[in-house]
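The values are calculated or read from the model by the stated rules, or taken from the named source; none is laboratory data. Small disclaimer: the values here were computed from a predicted structure and weren't measured. Cβ sites come from the backbone with ideal geometry, for glycine too, and all protein chains shown count toward neighbours. The accessibility values were calculated without ligands, DNA or RNA, using every heavy atom of the protein model including side chains. Shrake-Rupley method; radii C 1.70, N 1.55, O 1.52, S 1.80 Å.
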Amino acid sequence: MARYLKTSKPAAERQQANRQIRDTVEHILADIEARGNQAIRDLSIKFDNYDRDDYRLSNAEIDRCINQLSRQDIRDIEFAQSQVFNFASEQKKCLRDLEVETRPGVILGHKNIPINAVGCYVPGGKYPLLASAHMSIITANVAGCSRIISCAPPFNGAPAPAIVAAQKMAGATEIYALGGIQAIGAMALGTDSMAPVDMLVGPGNAFVAEAKRQLFGRVGIDLFAGPTETLIVADETVDAEMCATDLLGQAEHGVTTPAILLTNSEALARETLQEVERLLTVLPTADIARQSWRDYGEVIMCDSYEEMLQEADRIASEHVQVMTSRDDWFLERMTNYGALFLGPRTNVAYGDKVIGTNHTLPTQKAARYTGGLWVGKFMKTCTWQKVLSDEATTEIGSYCSRLAHLEGFVGHAEQANIRVRRYGQTDVPYATPVSATPEEKADV
């Protein structure tokens with residue numbers, strides 16, 4: 001049976017914080033819908049201490065941001081974006097339109113249609129997370145979306161040059177220096193100066209995630225996302241320094257980031273706990289990582305690989321780093337995860353920044369029912385149908401009429417009957433009333 005050497009904050013405390021976030025977001029979204037541009041401006045001043053008449057960046061502003069970067073910075077961004085582009089392009093090849101004749105004269109099919117307008121959120125209030133621009137904007141471009149808005153908060157009182165460069169290089173059609181709930185609300189609801197989008201994508205803090213949740217239905221979203229999560233599945237083949245580094249490397253995201261070690265080696269577990277404490281004395285981001293580890297870090301001991309697998313699927317973490325003698329065994333058997341990182345030579349940071357897979361992934365156990373952002377999320381698979389012959393519409397129509405009567409849908413039955421009469425049997429009567437006797441219905 002799995003046992004905990006370190007536990008996290010009780011779930012009840014987390015739920016209380018979530019209720020407060022829900023109330024705050026609901027109030028702010030209502031304000032944005034009522035007051036539009038003025039609400040956006042007031043919120044930007046309040047939360048980001050950033051004021052301007054129009055939050056859309058001009059071409060001149062974008063060029064100035066790009067010119068602040070070194071040639072090496074530009075090359076590094078180009079490299080990361082090419083990896084994301086290449087993988088997304090290969091994914092798109094898996095999406096094929098379909099046309100098939102299912103019965104003589106009956107043609108069914110589907111088309112994969114890009115979403116027209118998408119809004120990409122790039123978090124950047126604490127750190128200029130330019131990687132999120134690659135993940136959302138490039139993937140939307142590969143899908144074929146025609147209008148791609150990108151919003152990122154100001155960083156140190158101005159648009160973050162690296163984020164702006166990444167947004168432009170990725171192909172955003174509109175770039176805004178706008179963050180938080182106000183960015184999500186503006187993109188989804190629209191304002192006097194911004195037309196609304198059809199879909200919102202991208203990671204963010206708890207308020208951004210809650211805003212997307214509340215707006216879902218009015219617009220599409222990529223997925224429900226909370227704070228970044230990492231799970232390390234490890235045995236005695238890996239050392240404590242690597243485990244502790246990978247745990248704290250993700251814990252620095254924020255003070256509510258869960259970081260969990262799952263192992264069948266008690267020696268590794270205890271050494272990792274010691275190594276975490278040592279690294280917290282030297283890590284520059286230790287103030288955040290320490291609080292995250294204290295409140296949300298866990299160390300779980302298992303008796304076997306099978307139990308580790310069971311626990312990993314129960315946790316359903318966003319990121320799962322597997323460093324064992326059975327990495328491919330876990331790949332073949334795990335079912336609940338956002339992304340897997342197999343072996344000590346890879347790690348979550350590779351996926352976050354550069355390797356090419358998308359880093360917008362399901363959290364809070366959503367990996368039980370969805371994968372992460374990919375080119376298919378930006379496309380709608382829409383079906384179509386066509387009947388080519390009199391014989392085919394007569395056959396399908398006869399079945400349809402009888403089945404509609406079983407449900408009491410007389411109008412549906414008549415949609416079928418009129419075609420059977422027109423293209424086939426001329427003696428098919430109009431649909432009988434729902435109140436008809438069984439004998440009368442049998443005569444139809």
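Structure above, values below:
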{"item": "Rounded accessible area per residue of the stretch 147-228, 1.4 Å, Å²", "result": "30"}
{"item": "Gain upon complete extension [residue 96, residue 33; 0.36 nm per residue less C-alpha separation]", "result": "18.8 nm"}
{"item": "Label-point separation in nm, residue 391 to residue 418, each point 7 Å along Cα→Cβ", "result": "2.6"}
{"item": "Phi to ³J(HN,Hα) by Karplus 6.51 cos²θ - 1.76 cosθ + 1.60 over the stretch 319-326, Hz, x for Gly, Pro", "result": "10, 10, 9, 9, 10, 9, 7, 10"}
{"item": "Packing-based order for 90-98, 305-313, using average beta carbon neighbours within 10 Å, highest first", "result": "305-313, 90-98"}
{"item": "Inter-label distance, nm, simple model (7 Å from Cα along the C-beta direction), residue 1/residue 53", "result": "6.9"}
{"item": "Alpha-carbon centroids, the stretch 45-61 and the stretch 206-230: separation in whole Å", "result": "24"}
{"item": "Percent of Cα-Cα distances greater than 23 Å, calculated over the stretch 73-226", "result": "39"}
{"item": "Three-way shape call for the stretch 240-382 based on the alpha-carbon gyration tensor, with the a/c threshold at 1.5", "result": "oblate"}
{"item": "Karplus-derived HN-Hα couplings along the stretch 383-391 (A = 6.51, B = -1.76, C = 1.60, θ = phi - 60°), whole Hz, x at Gly and Pro", "result": "8, 9, 8, 8, 10, 9, 10, 4, 4"}
{"item": "Approximate spin-label separation residue 126-residue 369, in nm, with each point projected 7 Å along Cα-to-Cβ", "result": "2.9"}
{"item": "Portion, in percent, of the accessible area of the chain that falls on carbon or sulfur, probe 1.4 Å", "result": "52"}
{"item": "Protection proxy ranking of 54-65, 188-199 - average other beta-carbon atoms within 10 Å, highest first", "result": "188-199, 54-65"}
{"item": "Sequence ranges 23-31, 178-186, ranked by mean other-Cβ count within 10 angstrom, highest first", "result": "178-186, 23-31"}
{"item": "Sum of -39500 (n - 2.57) over DSSP H runs of 4+, divided by residues of the chain (222 nm, nearest 500)", "result": "-14000 deg cm²/dmol"}
{"item": "The stretch 119-195 shape via C-alpha gyration tensor axes, a/c threshold 1.5", "result": "oblate"}
{"item": "HN-Hα J in Hz across the stretch 59-69 - Karplus 6.51, -1.76, 1.60, θ = phi - 60°, x for Gly and Pro", "result": "4, 5, 5, 4, 4, 5, 5, 4, 5, 7, 8"}
{"item": "Per-pair calculated FRET efficiency, R0 = 22 Å: residue 304 and residue 335 via Cβ, rounded to 0.05", "result": "0.75"}
{"item": "Share antiparallel - DSSP beta bridges, the stretch 120-222, percent rounded to 5", "result": "10"}
{"item": "Sequence-distant residues sharing a close amide H with residue 232 (under 5 Å, placed H)", "result": "260, 261, 262, 321"}
{"item": "Cα gyration tensor shape of the stretch 254-299, rounded if a/c is under 1.5, else prolate or oblate by comparing a/b with b/c", "result": "oblate"}
